[in-house]
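Bear in mind that the values in this text are calculations on the coordinates, not laboratory data. It should be emphasised that the depicted structure is a prediction, and the values quoted were computed from it without experimental measurement. Note that we place each Cβ from the backbone using ideal geometry, even for glycine, and neighbour counts take in every protein chain shown.
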Amino acid sequence: MTKDYRIEKDSMGEVQVPQNALYQAQTQRAVNNFPVSGLTMPARFIQALAFVKQAAARSNLELGLLDNDIAHAIIDSCQEIIDGHHLDQFPIDVFQTGSGTSSNMNANEVIATLASNRSGLTVNPNDHVNMGQSSNDVIPTTIQVSAAIACHEHLFPAMVHISKTLDEKSAAVGHIVKTGRTHLMDAMPVTLAQELQGWKTQIEKAHQGIVQSLENVTALAQGGTAVGTGINADPKFAATFANNLSVSAEIPFSCSDNFFYNLSSQDAIVALSGQLKTAAVAMMKIANDLRWMNSGPLAGLGEIELEALQPGSSIMPGKVNPVIPEAAAMVSAQVIGNDSTITVAGQSGNFQLNVMLPVIAYNLLQSIELLANAFTLLADKAIAGFHVREDKLQEALAKNPILVTALNPVIGYLKAAEIAKKAYKEKRDILDVAEEETELTRSELESLLDPQKLTTGGVAH
């Protein structure tokens with residue numbers, strides 16, 4: 001019977017490793033030591049880690065420090081991981097050593113095994129794959145790289161998409177006037193375009209904030225090695241590495257002007273997470289507006305009808321719920337919670353190293369992924385397809401006593417308030433009551449109280 005494990009050795013001795021595993025002893029020790037959550041590092045983090053190892057090998061080759069055949073074997077092996085292969089070979093729990101050393105060694109070992117098998121040479125995880133590096137600069141760098149890639153490839157396209165969808169919906173229904181609301185109470189009228197463009201600006205401002213925060217995120221820790229001094233790294237390594245990574249990842253990266261900052265703090269990532277939280281707050285606002293506007297359809301506002309996607313109740317036939325805005329609201333809550341975790345973790349920079357890096361990486365990448373997916377869902381399955389109930393909007397506008405605000409400059413606030421209260425009490429159109437209570441003609445009142453005109457602001461004359 002063939003054994004299902006093999007014996008691997010490291011500086012601490014022997015350890016049993018699954019027979020077919022690409023990783024080696026240090027990975028297995030971490031698997032044994034951290035049976036905490038069953039959560040492993042995100043695939044995007046692992047792929048970014050492979051980008052880092054690949055750029056390091058290229059840089060060490062250019063600097064004449066790494067054998068040509070070994071370097072190319074490492075580079076090609078990293079590409080396999082970047083392309084999505086071997087992700088099952090990264091089994092270490094998120095809740096591990098705070099520096100992420102276990103994940104760094106996991107990558108070093110897997111890449112070394114692949115490179116050895118590919119080249120027929122003995123490729124060492126520490127001496128070759130980890131050359132000129134430390135977990136203490138590799139993991140912060142990987143967090144930065146994975147976040148930048150995730151934003152550029154996933155989040156930004158989703159935010160542009162929902163902005164475009166809001167523009168398209170505004171063009172289609174923006175001319176329609178509805179009752180505005182403040183404090184959830186009737187207020188002066190607005191157009192749907194004004195309402196939707198307010199949402200769009202929220203998205204665009206959040207997008208801008210994330211872009212600005214990435215300026216610090218793309219200045220990398222790599223080259224600081226163990227404590228920020230760059231021990232065991234060639235003086236030209238950091239700049240060479242940043243250049244190589246920029247080419248392969250197709251995102252402009254630079255080396256930090258202070259490695260002590262990058263290793264000891266995660267302030268740039270905390271700032272990015274804060275901007276992601278702002279995007280989540282914008283999403284929550286939009287989702288809740290959609291839920292209110294869709295409420296009813298008989299006993300609520302009933303201004304719009306969202307697309308019916310699934311039965312809404314296991315007991316009440318015919319009930320349909322606003323499931324997409326609800327999902328988006330839950331995403332917002334999760335991202336806000338993730339930001340709290342990242343904030344606490346960001347405070348755990350003790351002297352020359354932050355020691356909550358894996359949980360920062362996990363929460364940050366989850367926030368980016370959730371936001372991107374939820375923005376796309378909101379655009380495609382809520383905003384693009386909702387139907388406007390114009391009859392309901394016009395009925396509410398006609399009886400909206402707050403329209404009398406437009407008469408303030410003509411008849412005064414107190415007289416306008418008297419008219420508004422009477423119209424509300426008698427459930428009559430504001431136009432009819434104003435005609436009875438003032439000396440203004442019907443045509444004058446129709447002009448002054450025209451909801452469409454009132455959406456443009458200014459003082460009535």
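A Förster radius of 56 Å combined with the Cβ-Cβ distance from Glu444 to Glu307 puts the calculated FRET efficiency at roughly 0.85. Ordering Phe351, Phe51, Phe95, Phe90 from the fewest to the most neighbouring beta carbons within 10 Å gives Phe351, Phe95, Phe90, Phe51. Put a plus charge on the Cβ of each Lys and Arg, a minus charge on the Cβ of each Asp and Glu, and nothing anywhere else: the dipole of region 399-454 about its Cα centre is then about 300 debye.
Here r is the Cβ-Cβ distance between Glu390 and Glu215 and R0 is 41 Å; the resulting FRET efficiency, rounded to 0.05, is 0.35. Potential lengthening of the chain between Asp69 and Ser254 amounts to 63.8 nm, from the contour at 0.36 nm per residue minus the alpha-carbon distance.
Entry note, the chain: the mean residue ellipticity at 222 nm calculated from DSSP H runs of n ≥ 4, each adding -39500 (n - 2.57), is -18500 deg cm²/dmol after division by the residues and rounding to the nearest 500.
Only Cα pairs under 8 Å and 6+ residues apart enter the sum, and on that basis the relative contact order of region 399-454 stands at 38 percent. Each peptide in 180-188, 261-269, 384-392 receives the mean, over its residues, of other Cβ atoms within 10 Å, and ordering these scores from highest gives 261-269, 384-392, 180-188. The listed peptides 11-20, 393-402, ordered by packing as a protection proxy, come out as 393-402, 11-20 (highest mean of other Cβ atoms within 10 Å first).
The distance between label points at Lys425 and Asp380 comes to 5.5 nm (points 7 Å beyond Cα on the Cα→Cβ vector). Counting beta carbons within 10 Å around each of Arg29, Arg58, Arg6 and listing the fewest first gives the order Arg6, Arg29, Arg58.
Residue order for Met316, Met41, Met293, Met356, fewest other beta carbons within 10 angstrom first, comes to Met316, Met356, Met293, Met41. Other residues within the sphere of radius under 14 Å centred on the Cβ of Ile75, judged by their own Cβ, net out at -3 (K and R +1, D and E -1). Between amide H atoms placed 1.01 Å from N, distances below 5 Å from Phe95 occur with Ser37, all of them 5 or more places distant or on a separate chain.
Label zone of Ala398 (point 7 Å out along Cα→Cβ, amide N under 14 Å): in region 430-457 this covers 430-433, 451. A simple packing score, the average count of other Cβ atoms within 10 Å per residue, orders the peptides 362-375, 215-228, 301-314 as 362-375, 215-228, 301-314, with the highest score first.
Each label was represented as a point 7 Å from its Cα along the Cα-to-Cβ direction; for Asp4 and Asn32 these points are 1.7 nm apart. Electrostatic bookkeeping for Trp292 treats Lys and Arg as +1 and Asp and Glu as -1; over the other residues with beta carbon under 10 Å from its beta carbon, the sum is 0. Applying 1/(1 + (r/R0)^6) with R0 = 41 Å to the Cβ-Cβ distance of Thr201 and Gln79 gives a FRET efficiency near 0.50. Label point 7 Å out from Phe351 along Cα-to-Cβ: which residues of region 192-231 have amide N under 20 Å? It comes to 224-231, nothing else. Using Cα-Cα distances under 8 Å and only pairs 6 or more residues apart, what relative contact order does the chain have, in percent? Once normalised by length, the contact order is 16 percent. Each label point was placed 7 Å from the Cα along the Cα-to-Cβ direction; for Met330 and Lys236 their separation is 5.5 nm.
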